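The structure appears right after this line, and notes come after that.
The values are calculated or read from the model by the stated rules, or taken from the named source; none is laboratory data. Only a predicted model underlies this, so the values are computations on that prediction, with no experimental measurement involved. So basically every Cβ, Gly included, is an ideal-geometry build from the backbone, and we count neighbours across all protein chains shown. Surface areas here come from the heavy atoms of the whole protein model, side chains and all, with no ligands, DNA or RNA. Shrake-Rupley method; radii C 1.70, N 1.55, O 1.52, S 1.80 Å.
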Amino acid sequence: MNPKFIFVAGGVMSGVGKGVSCASIGKILQSKGYKVTAIKIDPYINVDAGTMNPTEHGEVFVTDDGDETDQDIGNYERFLDQDILSTNYMTTGRVYLSVIQRERNLEYGGKCVEVVPHVPEEVINRIKKATELAKADFTIVEIGGTVGEYQNILFLEAVRLMRTKIPDDVIVILVSYFPIPSKIGEMKTKPTQYAVRTLNSAGIFPDFILCRADVPLDEVRKEKLATFCNIPKENAISAPDIDTIYEVPLNFEKEKLGDKILEKFCLKPKGKDMKDWRELVEKIKKTKEKVNIGIVGKYFATGDFTLADSYISVIEAIKHASWANDRQPVLCWINSEEFEKDPNKLSELKKYDGIIVPGGFGSRGVEGKISAIKYCRENNIPYFGLCYGMQLATIEFARNVAGLANANTPEVDEKTPYPVVHTMADQVSKIKEKKMGGTMRLGAYPCVLAKDSVSFKAYGQKEISERHRHRYEFNNEYRKLLEEKGLRIAGTSPDNKLVEIIEVPNHKFFVGTQFHPEFKSRPLKPHPLFREFIKAAIS
Ligand code: GLN
């Protein structure tokens, strides 16, 4: 069969769950026996998400092959249980960069290189390449942003061109939002009607509308969409708010979305189902007993609102591990700067069963995080440090156990007398020359675990592979001293040159990883370290 392409665009507003919708459609088609991959297109100029502040953009999700991508790639990996590669992520910046490079290399054979068709053509080539690499039957392509925005027009143009060339192999789905204004009390379809008109004016007619709303759509609303938006009534699919995103595929299936999509392509289901997934969702819904986890970070605030998007993979990893331990996680965001203003607040950490310090950059809030880590170490509160959380745990141990006053990382204090964390050798010139885009230590690296460690027991194997994103590292000059003072080096690179995991022994759980284990946790395969952390938290 020819590969099929499902384009997903968003209407009315952002943040209505396009990524989860794409991942869920993928999950359904996968469960019907097809090979699926998913692509994210982001309309911004940044070549990747790595140069953006997480409060601007949300989490930077790192792939095995070292790309700094959008958090939706994480959704695809978690739902499809599949590693997604760099080829499956593009931005306006990335697309233009290749077109311009190609022009500089005379690869357009003397032609005038124009925005149309050359930019959409580059987009199409990338979609085809990713499809080939994944050997996919279905490629789901999520177009970031909302229709009507100036900056995704060229991507919609790519959709139009593909649809014109291979009409039998392309469908378009609009994920739209249906408000129920509280003073009116009725669900409104007009914003979606406008979104569909806007798509129409780009030459695109959606085949399905996924209707995001507080509640399912009634027949009256579905009729309206059929009348005003050129879709058969049964192709308006309800997508009401639900408690867990993992239920979305099951909800779509209630309206037979999978079979309807297959029918559009004249295909049949190949007789599989979502048994494991269904069981997981049932388990999630019936798990009541709680485990309280505090996340000490700083990327929470956006204006007057709190948004946890910056740590989405950490949150999902905690959920997977908690469910595997028959617990419902209760997460609390703790702004580390509060501990700097008022150290008495540290005693509030006692309320939690476990504390995580996730990845981070720069000096803001760092001293607050270090005090929180000290409190966990001294009070036997399970602690899990991820990347910066491992570096800061090293600094805390150096200062308060090994007596190295003012130990620090050059990221915070260039003149520290004890740089127990220091700049990685290959990063020195990059930082000096401000070559900061896509130049960190990125992607999957192997790690060898120490036999007597908590980590080795958790993984149950000696060699592991995990994903990284950092410029600084544990300084080996202090390795011997810190080990003598009781710090355990639980994991290193195979050549023993880079420290990848530290542990404090004789503690309920005190583990810091230079890598980001959260990127590899999947709903049905919780990450071993998160699983053991939660187990310790419960105990
Ligand atoms: N800022 C630290 C570094 O660059 C940690 C990075 C992170 O937590 N991802 O090494």
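Residue count for segment 346-364 satisfying the condition of being away from the ligand (no atom under 16 Å from the Cβ) and either under 17 Å from the mean Cα position of the chain (by Cα) or assigned to a helix (DSSP H, G or I) (or both): 6.
Residues in segment 51-66 that are open to solvent by 10 Å² or more (accessible area, probe 1.4 Å), of a type outside the set (D, E, K, R) and touching a Gly at 6+ places or on another chain (Cβ under 6 Å): T51, V60, G66. Counted as qualifying within segment 67-183 are the helices (runs of 4 or more DSSP H) with 3 or more residues that are in contact (Cβ under 8 Å) with a residue 60 or more places away in the chain and crowded, with 17+ Cβ neighbours inside 10 Å, namely 71-80, 115-134, 153-165.
Taken together, L481, L498 contain a single residue that is surrounded by fewer than 23 Cβ atoms within 10 Å (Cβ to Cβ), within 13 Å of the ligand (Cβ to nearest atom) and of a type in the set (A, V, I, L, M), which is L498. Tallying residues that are more than 15 Å from the ligand (Cβ to nearest atom) and under 18 Å from T55 (Cα atoms) within segment 333-345 yields 4. Inclusion of R163 among residues that are of a type in the set (K, R) and in contact with a strand residue (DSSP E or B) (Cβ under 6 Å, 6 or more places away or on another chain) is warranted. Taken together, the residues in segment 501-535 that are over 24 Å from the mean Cα position of the chain (by Cα), more than 16 Å from the ligand (Cβ to nearest atom) and open to solvent by less than 10 Å² (accessible area, probe 1.4 Å) amount to 3.
Would you pick out the residues in segment 194-234 that are under 17 Å from K254 (Cβ atoms), open to solvent by less than 10 Å² (accessible area, probe 1.4 Å) and outside any strand (DSSP E or B)? If the condition is that a residue be under 17 Å from K254 (Cβ atoms), open to solvent by less than 10 Å² (accessible area, probe 1.4 Å) and outside any strand (DSSP E or B), then no residue fits. When segment 68-108 is filtered for residues that are aromatic (F, W, Y) and closer than 20 Å to I45 by Cβ, the ones remaining, listed by number, are Y89, Y96. Of the residues making up segment 470-518, those that are out of contact with any helix residue (DSSP H, G or I) (no Cβ under 9 Å at 6 or more places or on another chain) and not in a strand (DSSP E or B) number 11. Residue selection: P249 satisfies the criterion of being in a helix (DSSP H, G or I) and within 30 Å of K283 (Cα to Cα).
For first residues located in segment 38-49 and of a type in the set (K, R), partners that are in a loop (DSSP other than H, G, I, E, B) and lie 6+ apart or on another chain with Cβ distances below 9 Å form the pairs K40/I84; K40/G144.
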